[in-house]
Amino acid sequence: MQRIAVLGAGAWGTALAIALANGSGIRLWTRNPEHAARMRATHSNDRYLPSAPLPHGVEITADLSAAIAGAQILIAAVPTGGFRTLLRQLRALDAAQPLVWLCKGFEAGSQKLPHQVLAEEWAKPQNAGVLSGPSFAAEVAKGLPAALTLAAPDTAFSRQIAQTLHRPRLRLYASDDVVGVEVGGAVKNVIAIASGISDGLGFGYNARAALITRGLAEMSRLGRAMGGRPETFMGLSGMGDLILTCTGDLSRNRQVGLRLAAGDGLEHILRSLEHVAEGVTSTHEVIALARRVGVEMPIAHAVQRILAQELPAREAVVELLNRELRDEGV
């Protein structure tokens, strides 16, 4: 039996631990001892995923050393902002197992993707990969079907880990386009905020479809400029994740947009969500990176201005509609 350590007990880490529990020994780590004790007592993660009972085969711990002891695979399920810290903690424990990370976004301040952070902090970056794609934690925890992409520089490694983590209702596809998969996972959250704003303002399905399509174009432009492959953005971690996040009401980033359109303040929205909405922190980094590589991203730029309270949401949409006409392929 494979032993897997899921490091991070937020909604997605918990859901994946539940999904993988059938056929593997799972340890789920949280840095908060009180959180661990509560999950052990209730056999659920009341804070982040209250609707999903934890199988008895999932061992809960707040001790990182104990969590990784004997594990064949480590899964980093922390937000992007905590990824570097977790890697340093693992390195201090001499961890050397294959590593998979789930975080989506850019590191604040550096505009670095998770694989770039990994290259600076992990002894064997070639022995690691990213798992991404269209997946709401609540649905995965219920055992509803989902498909994801496991990308690593070494195709043999990505295929091996994809095979190990594959489950009857959790289908994994292997890829070697780490950059493309990560850019898709980061940018889709920004576009989802725009989609929520559009829907919240009552602009209808036509406008939402246009936003998703043009958002995909922005994602692809940035991804290609960074070395990602065009076909990746047409796949699960690109178009698939974008469609889900822009249209599904379980999307935290879409909820941020809906509530901004309703006039709620950003700080109040984020406090009441009790979960990380990566698009809020990623938007500034996406725009800074786009400027650096010379890529135009008008939708992402509009979201940035709305979040910074430089422009009301309705005016931002009007500005987008009144941009200079151009060919669709541009």
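The values are calculated or read from the model by the stated rules, or taken from the named source; none is laboratory data. None of these values were measured; they are calculated from a predicted model. Note that we place each Cβ from the backbone using ideal geometry, even for glycine, and neighbour counts take in every protein chain shown. These area figures cover heavy atoms from the full protein model, side chains too; ligands, DNA and RNA do not enter into them. Shrake-Rupley method; radii C 1.70, N 1.55, O 1.52, S 1.80 Å.
Mind listing just one residue for me: the one in region 19-72 that is more than 22 Å from the chain's Cα centre (by Cα) and among the basic types (Lys, Arg) and, of those, farthest from Leu99 (Cα to Cα)? If we take residues in region 19-72 being more than 22 Å from the chain's Cα centre (by Cα) and among the basic types (Lys, Arg), then Arg38 is farthest from Leu99 (Cα to Cα).
In region 248-274, the qualifying residues are those that are assigned to a helix (DSSP H, G or I) and without any contact (Cβ under 8 Å) to a residue 40 or more places away in the chain, and the one that is least open to solvent (accessible area, probe 1.4 Å) is Ile269. Hey, Leu320 hits all of (1) without any contact (Cβ under 8 Å) to a residue 24 or more places away in the chain; (2) in a helix (DSSP H, G or I); (3) under 19 Å from Asn206 (Cβ atoms); (4) open to solvent by 70 Å² or more (accessible area, probe 1.4 Å) but one; which does it fall short on? Failing condition for Leu320: (4).
The set of residues from region 132-156 being closer than 14 Å to Trp101 by Cα and more than 15 Å from the chain's Cα centre (by Cα) comprises Ala152, Pro153. Within the set Leu64, Leu87, the sole residue that is aliphatic (A, V, I, L, M) and within 27 Å of Leu222 (Cα to Cα) turns out to be Leu87.
The set of residues from region 103-115 being assigned to a loop (DSSP other than H, G, I, E, B) and open to solvent by less than 40 Å² (accessible area, probe 1.4 Å) comprises Cys103, Lys104, Gly105, Phe106, Glu107, Ser110, Gln111, Leu113.
Applying the criterion of being of a type in the set (Val, Ile, Thr) and modelled with pLDDT of 95 or more to the residues of region 67-98, the residue that is surrounded by the most Cβ atoms within 10 Å (Cβ to Cβ) is Ile75. Checked against the criterion of being within 19 Å of Ala151 (Cβ to Cβ) and either more than 15 Å from the chain's Cα centre (by Cα) or assigned to a loop (DSSP other than H, G, I, E, B) (or both), the candidates Val78, Val100 yield just one match: Val78.
Condition test on Ala313, is it buried (at least 18 other Cβ atoms within 10 Å of the Cβ), over 22 Å from the mean Cα position of the chain (by Cα) and either hydrophobic (A, V, I, L, M, F, W, C) or farther than 19 Å from Ala108 by Cβ (or both)?
yes
Which one of Ala186, Ala209 is closer than 23 Å to Arg259 by Cβ and buried (at least 21 other Cβ atoms within 10 Å of the Cβ)? Before you say what the answer is, go through the steps one by one.
Numbers: Ala209 fails: buried (at least 21 other Cβ atoms within 10 Å of the Cβ).
Result: Ala186 is the single residue among Ala186, Ala209 that is closer than 23 Å to Arg259 by Cβ and buried (at least 21 other Cβ atoms within 10 Å of the Cβ).
Checking Leu148, Leu131, Leu172, Leu118 one by one, the residue that is open to solvent by less than 30 Å² (accessible area, probe 1.4 Å) and in a helix (DSSP H, G or I) is Leu118 and no other.
For the criterion of being touching a residue at least 24 places away in the same chain (Cβ under 8 Å), part of a helix (DSSP H, G or I) and among the basic types (Lys, Arg), Arg47 fails.
Assigned to a helix (DSSP H, G or I) and either more than 19 Å from the chain's Cα centre (by Cα) or not β-branched (Val, Ile, Thr) (or both): does that describe Arg159?
Numbers: assigned to a helix (DSSP H, G or I): yes; either more than 19 Å from the chain's Cα centre (by Cα) or not β-branched (Val, Ile, Thr) (or both): yes.
In short, yes.
Quick grid of which residues meet (1) modelled with pLDDT under 95; (2) open to solvent by 30 Å² or more (accessible area, probe 1.4 Å):
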{"position": "Arg47", "(1), (2)": "yes, yes"}
{"position": "Pro55", "(1), (2)": "yes, yes"}
{"position": "Ser65", "(1), (2)": "no, yes"}
{"position": "Trp101", "(1), (2)": "no, no"}
